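The values are calculated or read from the model by the stated rules, or taken from the named source; none is laboratory data. The structure presented is a predicted model; accordingly, all values stated were derived computationally and were not measured. Counting neighbours? That spans all protein chains shown, and the Cβs are built from the backbone with ideal geometry, glycine included.
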Amino acid sequence: MKKFAFVSDFDGTLSSRDIYHIIIDKYLGKQGKEFYIEWKKLSRYYS
């Protein structure tokens, strides 16, 4: 079994950037950024 560690930074003590933006930048690129922008628009609409 591979060893791993899950590090959560939801309170911003380790990084000033939100964990979701770090993941989008590293793994999803432009498509992830576009998806996030659309999600934010919809989440404001339905709030």
| message | Which condition from (1) at positive phi; (2) in a loop (DSSP other than H, G, I, E, B) is the one that Gly29 breaks? | response | (2)
| Per-region count, region 32-47, residues in a helix (DSSP H, G or I), out of contact with any helix residue (DSSP H, G or I) (no Cβ under 6 Å at 6 or more places or on another chain) and of a type in the set (Gly, Ala, Ser) | 1
| message | Show the residue pairs meeting these rules: Cβ distance below 7 Å; 6+ apart or different chains; first residue within region 1-20 and of a type outside the set (Lys, Arg) and modelled with pLDDT under 75; second residue outside any loop (DSSP other than H, G, I, E, B) and surrounded by 10 or more Cβ atoms within 10 Å (Cβ to Cβ). | response | Asp9/Ile19; Phe10/Ile19
| query | Do we have Ile24 as without any contact (Cβ under 8 Å) to a residue 60 or more places away in the chain and in contact with a Gly (Cβ under 6 Å, 6 or more places away or on another chain) here? | reply | yes
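Which ones in region 2-47 are among the basic types (Lys, Arg) and surrounded by 11 or more Cβ atoms within 10 Å (Cβ to Cβ)?
Arg17, Lys33
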